[in-house]
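One structure below.
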Amino acid sequence: MAERGVCPGCGSAALVEDAHYAQQQLVCAACGCVLAEGLLTTTYTEEEHLREVAYSQSTGQKEQLSRCLQRGIRRVQDLCKVLQLPAVFEETAVSYIRRALQHPSFRLVSLEKKELLGGCCVFVTCRQHNWPLTMGTICSLLYAKQELFASVFLSLQKELGLSVPALSLADLVMTHLNSFQLFQPTANVPAPFVEDKEKMVARTLQVVELASETWLVTGRHPIPIVTAAAYLAWQSLRPSARLTCTFARFCKLAGVDLPPPAHLRLKELLEILLRMASQLTWLRVFDMDKKTVVKHIGDLLQHRIFLLKNAFSRGKEEEEKEKEKEEEEQPVAAPGEGSPGSLAAGGAVPGQGSPSGGKRWSEDSQQPLLPPCLINPRKRLRTAAPSPSDAAVTGNEPISDSEIEQYLRGPEEIRALRKAKAWP
């Protein structure tokens, strides 16, 4: 062993390092005096000067992981294995959980929130790599409430400064439909109910795009909307054999869960389709309802831009501008040659607002295209009536602006006050 320093007991310079129970000791070879026992040193300079180094300042604390961090890393790794994510995703999620648990904002949070941090890190990683994963899937694996998971996710995104891109609906539709069991004939699925996967995915994407254009996706959970769109797309491809199949039976045959809001999303989609069907000329002669409109979903989706434009009003200002343009484009004719006045007196032009053909058109176009939360707002809670004790005047009430103006002096009062002060 290397020799350093001088023994303070005998003055001998024969100092050696000896390992005793895995601890380095500095011992004098001449007298056996232990000069240093169990000291943690990091550099030769500190060893020469025999300085003690605290354990918190050594490299041992940094190398050892806390129990909380070990559990977080293990939870992230288990989630990645269950979701069958690539190794790159696991490494990124582990780096995020390390940063999160070492951040001061997450050291004193509850144990429940710390357990959700691992799921949030996996969720952020999947979003950044454009991997279609929903918040509901993570919550179901962790048995967590979505409201609490969302709050932890937002705080993680804010504290670590992570950029999380929005999830593409097309990728979500593809991933959700991959779990359906309707694409191969089995003993549980009848032959008329089996459908081609590519056709169903393409039709479901079109229905989801229609829902996005009509405000049905904004602020909603995507899985119920995708499930309802898949049901309509599946029925429209072979309506004669599938109209009698209910929504619950469809989900049971497909092997997926039926989310509770899916019935409401299905109702909203059917209402949009009925309003669009009222604008097609060859469908006005039929008495359309929620079952028969499914047969014509292909035609409605093919002309959806034109039908949405005519089925919903776009605001009074745009209507007035269109009317002004139409009036400017109309040619000025003589009074006896079909002027606008003679048309108004004699009758309407066929196909332009006639009472028989345009009455239903005008009635349907009154409703604007707004989000469902504005068309059917929730009932507001009534505020309780103030009690007599609260209504009593205490003198601490705020003063309104109109009352303050009464206490301010006007120009005449200021002049009168100056004159009064001028008298001796």
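The values are calculated or read from the model by the stated rules, or taken from the named source; none is laboratory data. What you see is a predicted model, and the numbers here were worked out from it, not measured in a lab. Glycine also receives a Cβ, built like all others from the backbone with ideal geometry; neighbour counts cover every protein chain displayed. Please note that ligands, DNA and RNA were not included when accessible areas were found on the heavy atoms of the full protein model with its side chains. Shrake-Rupley method; radii C 1.70, N 1.55, O 1.52, S 1.80 Å.
Quick notes
- Under the condition of being within 25 Å of R220 (Cβ to Cβ) and part of a helix (DSSP H, G or I), the residues counted in region 254-284 number 17.
Yes/no per residue for (1) exposed (fewer than 13 other Cβ atoms within 10 Å of the Cβ); (2) among the acidic types (D, E); (3) at pLDDT 80 or above:
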| site | (1), (2), (3) |
| --- | --- |
| R4 | no, no, no |
| T43 | yes, no, no |
| Q57 | yes, no, no |
| R71 | no, no, yes |
| V76 | no, no, yes |
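- The listed residue being in contact (Cβ under 8 Å) with a residue 12 or more places away in the chain and part of a loop (DSSP other than H, G, I, E, B), out of L156, L216: L216
- Residues of region 259-292 satisfying the condition of being open to solvent by 60 Å² or more (accessible area, probe 1.4 Å) and in contact with a helix residue (DSSP H, G or I) (Cβ under 6 Å, 6 or more places away or on another chain): K290
- Filter result for D78 (over 24 Å from the mean Cα position of the chain (by Cα) and either outside the structural domain of A202 (by the TED database) or within 26 Å of T218 (Cα to Cα) (or both)): yes
- The set of residues from region 110-145 being of a type in the set (A, V, I, L, M, F, W, C) and more than 19 Å from D171 (Cβ to Cβ) comprises L111, L116, L117, C120, C121, C139, L141, L142, A144.
- Selection status of Q25, modelled with pLDDT of 85 or more and more than 18 Å from E115 (Cα to Cα): no
Here's the yes/no breakdown for (1) farther than 30 Å from V124 by Cα; (2) small (G, A, S):
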| position | (1), (2) |
| --- | --- |
| C139 | no, no |
| S151 | no, yes |
| L156 | no, no |
| V164 | no, no |
| H176 | no, no |
| V208 | no, no |
| G219 | no, yes |
| I225 | no, no |
| A241 | yes, yes |
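- Check on L210, in contact with a helix residue (DSSP H, G or I) (Cβ under 7 Å, 6 or more places away or on another chain) and part of a helix (DSSP H, G or I): yes
- Region 162-185, residues that are in a loop (DSSP other than H, G, I, E, B) and either more than 20 Å from T244 (Cα to Cα) or outside the structural domain of I223 (by the TED database) (or both): L162, S163, V164, P165, A166, L167, S168, S179, Q184
- Residue list for region 179-235, filter: of a type in the set (V, I, T) and open to solvent by 50 Å² or more (accessible area, probe 1.4 Å): T186, T218
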